[in-house]
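Q: Please read through the structure below; I'll follow up with questions.
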Amino acid sequence: MAELREHRVLVRYAEPPSAAAEKPDTKEYYYVQDLITGFNKDCLEIKKWSVATASIVAIVGQGGLKNLSLVLLTILVLAFVFWITETIWRMNQWAFIRYVRQLELKPGAPQISRKWAEAYLGQATPEPAVDPEGSFRAFLEHFLRPRTFLPHGIVFGLAFIALASSDRWRPAAEPEQPQRIEGSVDVRLIGPAGGSGAAPAEPRR
């Protein structure tokens, strides 16, 4: 009787296999969320290094280098490199965001991404796009987004404008040609006795 009673208790409180299989893995969900947060921190570091590097190059170039065009060109190239680096970081981050959205489709899963979209965008998080994150179209999309564009695009634009308007890249002005005066010139000759005479000069042709 005791064995039968224990068996009945185990059967009563045992979880059905189907329910256990449908239960979402919250550990995996929150682990991916931590990865997404880590990408945000890395992108902030990239932004700080972009501004700091441009400032250091500008200060050092102003004090030690005489070639302003070289300084501006260096700032332009560095800003573009940091811009591309953050774009690649954003592409990897968005791949994990897509995976989180797939996890949120399971019943009983946390809804952090969708609830944030409802509060910030006023609508539910849209479904992932068809284009994979490794495509060139996705690269351009992340490259031109304001969260990636700032501040690299501003530094790049200012350096490009300053470089284009510098004197080094302007065409050299043509030297002025001496004006030719038409007419006759009265030439007076002074002799050894102090006398002077005038001789009309031939007109220039």
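The values are calculated or read from the model by the stated rules, or taken from the named source; none is laboratory data. Keep in mind it's a predicted model, so treat the numbers as computed, not measured. Using ideal geometry, Cβ is built from the backbone for each residue, glycine included, and neighbour counts are taken over all protein chains shown. Accessible surface is based on the protein model in full, side chains and every heavy atom, while ligands, DNA and RNA are left aside. Shrake-Rupley method; radii C 1.70, N 1.55, O 1.52, S 1.80 Å.
Q: Are there helices (runs of 4 or more DSSP H) fully within the stretch 25-121 with at least 2 residues that are within 26 Å of residue 158 (Cα to Cα) and among the polar types (S, T, N, Q)? List them. Please lay out each step first, then the result.
A: On the way: elements: 26-64, 68-103, 112-120.
In the stretch 25-121, 26-64, 68-103 are the helices (runs of 4 or more DSSP H) which contain 2 or more residues that are within 26 Å of residue 158 (Cα to Cα) and among the polar types (S, T, N, Q).
Q: In the stretch 58-98, which residues are among the aromatic types (Phe, Trp, Tyr) and open to solvent by 80 Å² or more (accessible area, probe 1.4 Å)?
A: Residues of the stretch 58-98 that are among the aromatic types (Phe, Trp, Tyr), as a first pass: 80, 82-83, 89, 94, 96.
Hits for the stretch 58-98 are 80, 89.
Q: Going by the conditions given, is residue 58 in contact with a Phe, Trp or Tyr (Cβ under 9 Å, 6 or more places away or on another chain) and either modelled with pLDDT under 90 or of a type in the set (A, V, I, L, M, F, W, C) (or both)?
A: Values: in contact with a Phe, Trp or Tyr (Cβ under 9 Å, 6 or more places away or on another chain): no; either modelled with pLDDT under 90 or of a type in the set (A, V, I, L, M, F, W, C) (or both): yes.
No, not satisfied.
Q: A further question on this structure: Out of the residues in the stretch 1-33 that are under 22 Å from residue 92 (Cβ atoms), surrounded by 10 or more Cβ atoms within 10 Å (Cβ to Cβ) and of a type outside the set (S, T, N, Q), which is modelled with the lowest pLDDT? Walk me through how you get there before you give the answer.
A: Quick first cut of the stretch 1-33, residues under 22 Å from residue 92 (Cβ atoms) only: 25, 27-33.
So of that shortlist, the ones also surrounded by 10 or more Cβ atoms within 10 Å (Cβ to Cβ) come out as 25, 28-33.
Then drop every residue that is not of a type outside the set (S, T, N, Q), which leaves 25, 28-32.
Details: 25: 76, 28: 93, 29: 94, 30: 96, 31: 96, 32: 95.
So, considering only residues that are under 22 Å from residue 92 (Cβ atoms), surrounded by 10 or more Cβ atoms within 10 Å (Cβ to Cβ) and of a type outside the set (S, T, N, Q), the one modelled with the lowest pLDDT is 25.
Q: What's the number of the condition residue 176 fails, among (1) open to solvent by less than 50 Å² (accessible area, probe 1.4 Å); (2) at pLDDT 60 or above; (3) farther than 30 Å from residue 51 by Cβ?
A: The number of the failed condition is (1).
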